[in-house]
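Visitor: Once you've had a glance at the structure underneath, I'll fire off some questions.
Readers should treat all values here as calculations from the given coordinates under stated rules, not as data from a laboratory. Here the structure is a predicted model, which is why all the values come from computation and not from measurement. Note: ideal-geometry Cβ built from the backbone for every residue, glycine included; neighbour counts use all protein chains shown.
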Amino acid sequence: MIEAVGLTKRYGRTVAVNELSFTVKPGRVTGFLGPNGAGKSTTMRMILGLDRPTAGDVLVDGRHYRDLPRPLRHIGALLDAKWVHPNRTARAHLRWLAKSNNLPRQRVDEVLELVGLGSVAHRNAGAFSLGMAQRLGIAAALLGDPQILLFDEPVNGLDPEGIHWIRQLMKRLAAEGRTVFVSSHLLSEMAQTADELVVIGRGRLIDQSSTARFVERASGTAVRVRSPQLERLRTALASTSGAGVRAEDGALVVTGLTSDQVGEVAAAQGVVLHELSPQRGSLEEAFIRMTSGAVEYHAEESGEHLHLRGARGAEGTEGTR
């Protein structure tokens, strides 16, 4: 489990992370979302002891990362896929990491096969594509068979097959009872992968909830209903307190009521239903709505020209994620 309490990080006058508190629990994939400049990478660096918090604290299974005797056995992380000596082979890189944490040598070949790099283990990492480097970084994270895994943008550079693979890997790791914490800008991918979300903006917590609850709260829900007695149903629904009704493609879209409530109104009127299906907004729509006030840079169209403006003024830094 990862626990952050009042976590704060300042760089001069810039506040990268601002009194951030959240918990990442085992047995689920937790997505870490936020616009560029939100403080995601800074937060992950503080979890791993690479940056010292200005205030607050963050613990890994109740201990600071620096106090873990063999950290790779507790938490595996991928922050920067290219953080590898370019003249080291993939196998040599992992053997060096394994030796530093007193891990068995055979574990290196196990994780190389697991991530699909067994056939290129002898090649220098500097010649790897970004997708291959990502797989090597994931292998390093898995090396100590840790109970906690932390991935920063793990699907960058992966092809569709690779994205599908890492999605299934993260789900399998969570199903084994591990803690999986992953940041990504691919919201469609997070919608398929993450059970829970931690959403931040400008270094502050915006929301922590299940993915379904986040989308529902931000986007609302609607019910699509079709019937051969549509006008009769429309009249009944329109007179129901709290309901909003609009026609769409030969059906009615109802807001303010659950699908159960719509079905009960139809039954009371003796209306036959051909479709009764709840509709929810997308994670992307919910994310944009919830973080609209925390986006660091906005694109604005003015006539034929496109302008960029910093929403946080001169002190904003796009590189602080």
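Visitor: Which one, 252, 174, 106, projects farthest toward the positive side of the charge dipole computed for the chain from Cβ point charges (K/R +1, D/E -1)?
Guide: 106
Visitor: Further question on the same structure: Within 13 Å, Cβ to Cβ, of residue 122, how many net charges do the neighbouring residues add up to if Lys/Arg are +1 and Asp/Glu are -1? All intermediate terms of the calculation are to be shown ahead of the outcome.
Guide: Working: positive: 88, 91, 95, 123; negative: 109.
In short, +3.
Visitor: As I understand it, the value is the acute angle between the Cα axis of helix 90-100 and the longest principal axis of the Cα atoms of the chain; what does it come to in degrees, rounded to 10?
Guide: Once rounded, the angle reads 80 degrees.
Visitor: Using a 10 angstrom cutoff on alpha carbons, build the Gaussian network for the chain and name the most mobile of 210, 41, 259.
Guide: Answer for the Gaussian network model of the chain: 259.
Visitor: Among 271, 253, which comes first, second and so on when ranked by fewest other beta-carbon atoms within 10 Å?
Guide: Values: 271 18, 253 15.
Going from least to most buried by this count: 253, 271.
Visitor: Extent of the chain along each principal axis, from alpha carbon coordinates, in Å, largest to smallest?
Guide: On the principal axes, the chain reaches 74, 46, 45 Å in Cα extent.
Visitor: Here is a further query. Counting Lys and Arg as +1 and Asp and Glu as -1, what is the net charge of the other residues whose Cβ lies under 9 Å from the Cβ of residue 51?
Guide: On the way: positive: 9, 45, 52; negative: none.
Combined, the nearby Lys, Arg, Asp and Glu give +3.
Visitor: On to the next question. Pairs 40/171; 40/82; 40/99: which exceed 27 Å Cα-Cα?
Guide: Going by Cα-Cα distance, 40/99 fall outside the 27 Å limit.
Visitor: A further question on this structure: Taking N as the number of residues in the range 221-280, what is its alpha-carbon radius of gyration divided by 2.2 N^0.38 Å?
Guide: Numbers: Rg = 9.7 Å, N = 60, 2.2 N^0.38 = 10.4 Å.
Dividing the Cα radius of gyration by 2.2 N^0.38 Å gives 0.93.
Visitor: Can you give the FRET efficiency for residue 253 and residue 159, using 1/(1 + (r/R0)^6), R0 = 45 Å, r = Cβ-Cβ distance, to the nearest 0.05? If you can, show how the numbers build up before the last one.
Guide: Numbers: r = 37 Å, r/R0 = 0.83.
With a Förster radius of 45 Å, E is 0.75.
Visitor: Would you order 122, 93, 185, 85 from fewest to most other beta-carbon atoms within 10 Å of each residue's own beta-carbon? Show your work: numbers first, answer last.
Guide: Numbers: 122 9, 93 21, 185 16, 85 12.
Ranking 122, 93, 185, 85 by Cβ neighbours within 10 Å, fewest first, gives 122, 85, 185, 93.
Visitor: Evaluate the charge dipole of the chain about its Cα centre and quote only its size in Debye, nearest 20, assuming +1 on the Cβ of each Lys and Arg and -1 on the Cβ of each Asp and Glu. Walk me through the intermediate numbers first.
Guide: Details: 39 positive and 35 negative charges, 246 e Å.
Here the chain has a charge dipole of around 1180 debye.
Visitor: Shifting gears a bit: Can you sort 190, 1 by how many other beta carbons sit within 10 Å, fewest first? Spell out each step's value before the answer.
Guide: Working: 190 23, 1 13.
With the sparsest Cβ surroundings first, the list reads 1, 190.
Visitor: Can you give the % of DSSP beta bridges in the chain that are antiparallel, to the nearest 5? Don't jump to the answer; show the numbers that get you there.
Guide: Numbers: 41 of 59 bridges.
Of those bridges, close to 70 percent are antiparallel.
Visitor: Considering the options 21, 241, 287, tell which one lies farthest towards the positive end of the dipole of the chain, charges being +1 on Lys and Arg and -1 on Asp and Glu at the Cβ, about the Cα centre.
Guide: Final value for the positive-end residue is 21.
Visitor: Would you be so kind as to identify which of 97, 212, 142 lies farthest towards the positive end of the dipole of the chain, taking Lys and Arg as +1 and Asp and Glu as -1 on Cβ and the Cα centre as origin?
Guide: 97
Visitor: Cut-off 10 angstrom, C-alpha nodes, Gaussian network model of the chain. Which of 291, 221, 30 fluctuates the most?
Guide: Evaluated over the chain, the most mobile residue of the options is 221.
Visitor: Please give the helix 160-175 orientation as an angle from the longest Cα principal axis of the chain, in degrees from 0 to 90, rounded to the nearest 10.
Guide: It is inclined by approximately 90 degrees.
Visitor: Given only helices, namely DSSP H runs of n ≥ 4 each adding -39500 (n - 2.57), what is the per-residue ellipticity at 222 nm of the chain, to the nearest 500 deg cm²/dmol?
Guide: On the way: 10 runs with 101 residues, N = 321.
One gets -9500 deg cm²/dmol as the mean residue ellipticity at 222 nm.
Visitor: How much of the DSSP bridge set in the range 1-154 is antiparallel, in percent, rounded to the nearest 5? Could the numbers behind the result be given before it?
Guide: Values: 14 of 18 bridges.
Once the DSSP bridges in the range 1-154 are tallied, antiparallel ones form about 80 percent.
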